[in-house]
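The values are calculated or read from the model by the stated rules, or taken from the named source; none is laboratory data. Every value quoted in this text rests on a predicted model; they were computed, and no experiment measured them. Don't worry about glycine lacking a Cβ; one is built from the backbone with ideal geometry, like all the others, and counts go over all protein chains shown. Accessible surface areas use protein heavy atoms only, side chains included; no ligands, DNA or RNA. Shrake-Rupley method; radii C 1.70, N 1.55, O 1.52, S 1.80 Å.
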Amino acid sequence: MALLQISEPGQTTAPHQHRLAVGIDLGTTNSLVATVRSGDAQTLPDEQGHHLLPSVVRYAETGIEVGEAAVEHAVIDPSNTIVSVKRLMGRAAGDLKSLAESSPYLFSTSESAVPKIHTRSGDVSAVEVSAEILKTLKARAVATLGDDLVGAVITVPAYFDDAQRQATKDAARLAGLNVLRLLNEPTAAAVAYGLDTGQEGIIAIYDLGGGTFDISILRLKQGVFEVLATGGDSALGGDDFDHTIAEWILEQSGSKKVPSASLVRLLKREARSAKEQLAHVDEVNIKVETGDFFWQGSLSRSQMRTLIEPLIKKTIMACRRSLRDADVTTEDVLEVVMVGGSTRTLAVREMVGDFFQREPLVSIDPDKVVAVGAALQADVLAGNKPDDEMLLLDVIPLSLGIETMGGLAEKIIYRNTPIPVAKAQDFTTYKDGQTAMAVHVVQGERELVDDCRSLARFDLRGFPSHVAGAVRIRVTYQVDADGLLTVSAREENSGIEASVDVKPSYGLTDSEIETMLRDSMDHASDDMHSRMLREQQVEAERVVEALDAALKKDGDELLSDEERNNIAQARVQLLEAKAGDDAESIKAAIKTLESACADYVARRMNSNIRNAMQGHSINEYAGKDQE
């Protein structure tokens, strides 16, 4: 008998064959690619020895330039040189209105749901621009490793929503990369530091990059990385430091003219240079000269701290919220890991250290730590370490739920639930004879659908007609390891089902996630009151509809005029209470109506029993019981 050799998904059947996989940090300002060689995770340089690839793409007359070559033209050709494209990933045209006012880009006026930037090479989307960066990183890896890749782990900010994650996967597909997994950037950093130090306990990952900020509170224990809570701002980073310093330079110059796109780029470049130098010196001289603009002066470390302190305080506020979500205090945090090039700014390290009351960890290059962690995870997923017990448990950033009667949002999967995850909940029909149900998928922390974000809608149709409440419909939410959601609904008796992959063509606005979380806390009391009110209003509607159907069928036969008047008065009182905003009054009115109908309900039951027994004797039923 021949034996069939099998292997786990992603694992090679050849035990000594090393499969080539990489980790990619697709950053706002810079991107990197790393791999594991001889057990050591390391970033891969280009031919000039540069490990960092500027996340800049230029559409030139002679073709597409990526990285350093594109950066050199950012000032003189701003409308064709795309920087910080990560901020555009997964965004809708409407989300970019505020950005378009301060951006050097010309956005296409077409009706496309996905916004496109107009360049000399045609209109391009953020996905296409990101794909060019990924192509360059892939080519670097193939040239260095000498063979094709089986796949890549690509990192994303923890606060990227479904649309932004899907856009990242689409960019990878355009670049010809097989995505083994999307990995949250803070989790990738935890992988790098956790394996290096073997530390267990609560760790805070403070990730401040060029364009995004993430704070994650993780528990590391016996090789398990569990994210207890996440927070941050998808539109806050070192770019904002540069912008603030550039505005200060413009203010110091006394210029009253509206700066051109080229001048804005030049000011930001000089601001970034000054910021980076102030990580090593106390004061730096700045000279900006172009066309009819000239300014020369100096900026001290203390002056810069004053300028950027409000931005750093925003990150500290997010840290405080995440600690509260994780139900831990600063005293519980063993270590604070600094990730992202912007954490080189001394003011950031000092303020973060003051908040957490400990010196942050900076032993791994903050620019490389995410790529290193992604490479380690890619090595495991490629099957090169079949005995590795490392387990990563990311979480979803916002609760996922469904709309129920009355416009209520019923949460199926709560925020900060580890992924991948699948959860199901049973629902039933609201009306007699109902043969279809609309499923509305929502995301957010508020109690009412109107205050949450709509993700998708689909219908479950064609199940058998029954009385209200007799149908059982199971709705299942599944979130995969990349944070992408699939929702399915199945009527249990007939087996009829429908499903949808939630891949919206637009993303959240810059501050929407943070605003949604803050609103859920600020309006917690009001939301609970609104939910209780809606629930009682829905119950009142159900009671009135059932009563009206019953009265229409046999009210004249079973009720006296006085009883009918009493019920009618109680019905009017319930409708009046339902129109108000007092849940307890509605609840009391429902009880009053039910009390007025008690004798009528009893008579209906007796009548139904008599009708069912016509033509039969009690002995028939007694005989069946004895059997």
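Tabulated results
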{"item": "Residue count for region 321-331, restricted to those that are loosely packed, with under 14 Cβ neighbours inside 10 Å and within 17 Å of Gln357 (Cβ to Cβ)", "result": "2"}
{"item": "Failed criterion for Glu283 (all others in (1) more than 17 Å from Arg305 (Cβ to Cβ); (2) touching a strand residue (DSSP E or B) at 6+ places or on another chain (Cβ under 8 Å); (3) not aliphatic (A, V, I, L, M) hold)", "result": "(1)"}
{"item": "Single unsatisfied condition, Lys135 versus (1) over 30 Å from Leu267 (Cβ atoms); (2) at pLDDT below 85", "result": "(2)"}
{"item": "Inter-residue pairs, beta-carbon under 6 Å, first modelled with pLDDT of 90 or more and among the polar types (S, T, N, Q) and in region 274-291, second open to solvent by less than 100 Å² (accessible area, probe 1.4 Å) and assigned to a strand (DSSP E or B), 6+ apart", "result": "Gln277/Val284; Asn285/Ser298"}
{"item": "3 or more residues among the aliphatic types (A, V, I, L, M), modelled with pLDDT of 80 or more and open to solvent by 10 Å² or more (accessible area, probe 1.4 Å): qualifying strands (runs of 3 or more DSSP E) within region 392-462", "result": "421-427, 436-443"}
{"item": "Residues of region 585-594 classified as without any contact (Cβ under 8 Å) to a residue 12 or more places away in the chain and either open to solvent by 80 Å² or more (accessible area, probe 1.4 Å) or among the hydroxyl-bearing types (Ser, Thr, Tyr) (or both), total", "result": "2"}
{"item": "Filtered residues of region 21-57 (kept if farther than 19 Å from Ile364 by Cβ and open to solvent by 20 Å² or more (accessible area, probe 1.4 Å))", "result": "Asp46, Glu47, Gln48, Gly49"}
{"item": "Residue that is surrounded by the fewest Cβ atoms within 10 Å (Cβ to Cβ), among those in region 473-491 that are in contact with a Leu (Cβ under 9 Å, 6 or more places away or on another chain) and assigned to a loop (DSSP other than H, G, I, E, B)", "result": "Ala481"}
